Amino acid sequence: MDFQYLFELLCGGVVKGSIYALIALGYTMVYGIIQLINFAHGEIYMIGAFVAFIVAGVLTLTGYSGLGILPLAALIAVIYAAAYGYTLEKIAYRPLRNAPRLSPLISAIGASIFLMNYVQLVQTPDFLPFPELVPDFEFLGDLTQFMSSVDVVILAVTTVTMIALTVLIKYTRIGKAMRATQQDMVMARLVGVNVDRVISATFIIGSVLAAIGGVLIASRTGQINSAIGFMAGIKAFTAAVLGGIGNIPGAVLGGLVLGVAETFGAGYISSAYEDVFAFGLLVLILILRPAGLLGKAVKQKV
Amino acid sequence: MLEVRNIQTYYGNIQALKNVSLTINEGEIVTLIGANGAGKSTTLMSICGVTPPRHGEILFRGQPIHHLGAEKIVSLGICQVPEGRHIFPQMSVIENLEMGAYLRQDKAGIKQDIEYVFGRFPILEKRRNQAGGTLSGGEQQMLAISRALLARPSLLLLDEPSLGLAPLIIKHIFEIIKKINSESNTTVFLVEQNANQALKIAHRGYVMENGAITLEDRAENLLSNEDVKRAYLGM
Ligand SMILES: Nc1ncnc2c1ncn2[C@@H]1O[C@H](COP(=O)(O)OP(=O)(O)OP(=O)(O)O)[C@@H](O)[C@H]1O
Ligand SMILES: [Mg+2]
């Protein structure tokens, strides 16, 4: 057995999976609180990548260098995406809060199509080359046979982001309000939680994570277009379901499992079937463990 | 202190409260009894702003509150222990208590109040780091009451606190309710199926049938009222 090749695939899978996880968190957090699959989440990710692309373009013209541009471009992308996520919830979902469950779902699909076409119209339907913002790190040495500099940045950023998210949810006031709302919305209101604000915050946080994912993937693949949100959205959604929709550690695990499974499938069998492995895995899990890897079968104590 | 005037509450097109009026004075324990489906829980949820009334008004200390959001009403000092306890299942006992104090900023006071409820319910202190969803029914009820106390309410609404509990625990819970009322001068509005016990600790009582109040009197009078005896006291 070729261990070097195996390790290479594993690294690639983990890098890919960590970004799926980042986007999957947005699906799972929103679902956990309002039981809605936010189909437009992939478009938020795409918008994040586009904003970073534009900012990076402008900054490059003004003479900044790569690694200085990345954080600034990412920051502005995050702010834009947060604003889009917040507005999306206000316009497309909040008016339907008490409607039958199918209505917000249809609204979500509509919002997704709208945003995709909007970016296509005001930008372009063509693929655009995303600038190389991460220089080759000298200190990686032999590690480069497994991971590029971009991959290292991706792993570092996703790790830090997830730790920050964990701290936010566990210890901050808004984090506690989010958990309370997710576990029992009526009771959360009865202790004084402003549920509307919690829902807005959830969309903002999810959008921030998606935008970070968008910038990272774009840096890795080197190109973007207005349709990238679709596939990334479906993959991340798959990851969220894989881990157990509504379950935050589940989204991370689901993302990693999906990324690794895809990379192994592509590396050992055929890269033409990469997506087949992803969705085949989803079907398998849904048959064997319908609630997902970490999801619990619904049970309630009265 | 609280005045409910002719409220009508709906779930979709189903009218749950037809015409409910009641008054609660500062310092009282007032109980609301009635059969299943009479509209008792809906009355509490209407007061708290979770299912706001479509018509009528609710005044708290003279100010209208029926148009306010639930979180605003809590901040005025009206807290509810809802039917079925509604413990946050994946939060620990301590976290559940802290959620009760969600709107408070005084860390020291909160800590002191947690010590106070631990004194009242020592079992909760033993279970302090256990997930709320894994507590027994009685423990959950104690936690639900304690969580409401953490908000330092001036008006405490309790929805069937004795539901599903063993007689000994019920006795303990009613004693505590009485103490809460007399020691910290908390006004209590108590919904109960256990009419006998409720009327024994209450000052006044209301009887509700099919979404409307049908009887109001001093508790001791209700205890000896023949209709009440037959319908709610099983005598
Ligand atoms: N969420 C809801 N949707 C529709 N109807 C409801 C809802 N909640 C309550 N109702 C109806 O409103 C009426 C009053 O219900 P409510 O829960 O207030 O009664 P209750 O007096 O608290 O009864 P119990 O003693 O069984 O708790 C009932 O007819 C009930 O079916
Ligand atoms: Mg009830």
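Read-outs throughout are calculated quantities, based only on the coordinates presented, and are distinct from any laboratory measurement. Computed from a predicted structure; not experimentally measured. Cβ coordinates were reconstructed from backbone atoms using ideal geometry, including for glycine residues, and neighbour counts include every protein chain displayed.
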Sites removed, the longest contiguous part of chain A containing no DSSP-loop trypsin sites (Lys or Arg not before Pro) with at most 16 other Cβ within 10 Å is A:102-295
To the nearest 0.05, the calculated FRET efficiency linking A:Glu132 and B:Thr134 through their beta-carbon distance, R0 being 56 Å, is 0.60
Using alpha-carbon coordinates alone, the radius of gyration and Dmax of segment A:91-145 in Å work out to 20.8, 57
Simple SL model, points at 7 angstrom along Cα→Cβ for B:Glu26 and B:Glu57; separation in nm is 2.1 nm
Shape descriptors of segment B:27-160 over alpha-carbon atoms, Rg and Dmax in angstrom, are 15.4, 46
Given the candidates A:Ala210, A:Val152, A:Gly222, the one whose Cα lies deepest towards the positive end of the charge dipole of segment A:132-226, counting +1 at each Lys or Arg C-beta and -1 at each Asp or Glu C-beta, is A:Ala210
Inverse of <1/r> over all distinct C-alpha pairs of segment A:1-126, i.e. the Kirkwood Rh in Å, gives 16.8 Å
In whole Hz, the Karplus estimates of ³J(HN,Hα) for segment B:55-69 (6.51, -1.76, 1.60; θ = phi - 60°; x where Gly or Pro) are 10, x, 9, 10, 10, 10, 6, x, 9, x, 10, 5, 9, 8, x
Projected area averaged over all directions for the convex hull of the alpha carbon atoms of the protein assembly as shown, nm², comes out at 29.8 nm²
Rounded to whole Å, √(5λ) for the Cα gyration tensor eigenvalues of segment A:145-254, largest first, gives 30, 15, 13
Relative contact order of segment A:1-115 (C-alpha contacts under 8 Å, at least 6 apart) in percent is 30 percent
A correct Stokes-Einstein calculation for segment B:110-235, using the alpha-carbon Kirkwood radius, 25 °C and 0.890 mPa s, returns a whole-number D in µm² s⁻¹ of 155 µm²/s
Segment A:68-192, convex hull of Cα, quarter of hull surface, nm² -> 11.9 nm²
Phi-derived 3J(HN,Hα) across segment A:135-141 with the Karplus relation (6.51, -1.76, 1.60, θ = phi - 60°), rounded Hz, x for Gly and Pro, is x, 6, 7, 5, 5, 5, x
Place a point 7 Å from the Cα of A:Gln145 in the direction of its beta carbon; the residues of segment A:1-40 whose amide N falls under 20 Å from it are A:1-15
Karplus ³J(HN,Hα) for segment B:173-190 (6.51 cos²θ - 1.76 cosθ + 1.60, θ = phi - 60°; Hz, whole; x = Gly/Pro) runs 4, 5, 4, 4, 4, 4, 5, 4, 5, 7, 7, 9, 6, 9, 6, 10, 10, 10
Over all directions, segment A:18-237 yields a Cα convex hull whose mean projected area in nm² is 12.9 nm²
Distance in nm between A:Arg101 and B:Ser182 label points, each 7 Å along Cα→Cβ, equals 5.0 nm
In debye to the nearest 20, the charge dipole size for the protein assembly as shown, taken about the Cα centre with +1 at each Lys and Arg Cβ and -1 at each Asp and Glu Cβ, equals 1360 debye
Rounded to a whole number, the Stokes-Einstein D of segment B:6-78 in µm²/s (Kirkwood radius over Cα pairs; 20 °C; 1.002 mPa s) is 168 µm²/s
So, relative contact order of chain B in percent, Cα under 8 Å, 6 or more apart, is 28 percent
One computes Rg over Rh for segment B:5-46 from alpha-carbon atoms, with the Kirkwood Rh, and obtains 1.00
Listing A:Ile106, B:Ile110 by rising number of other beta-carbon atoms within 10 angstrom, fewest first, gives A:Ile106, B:Ile110
Here FRET efficiency (C-beta to C-beta, A:Met231 to A:Ile54, R₀ 22 Å, nearest 0.05) is 0.50
Taking Cα pairs closer than 8 Å and at least 6 residues apart, the relative contact order of segment A:18-237 in percent is 45 percent
Taking the square root of 5λ for each eigenvalue of the C-alpha gyration tensor of segment B:124-178, the equivalent ellipsoid has semi-axes, largest first and in whole angstrom, of 18, 16, 9
One would report the Cα pair-distance distribution of segment A:173-215, bin width 10 Å, in %, as 30, 45, 20, 5
Semi-axes in Å, largest first, for chain B (Cα gyration tensor, √(5λ)) are 28, 21, 16
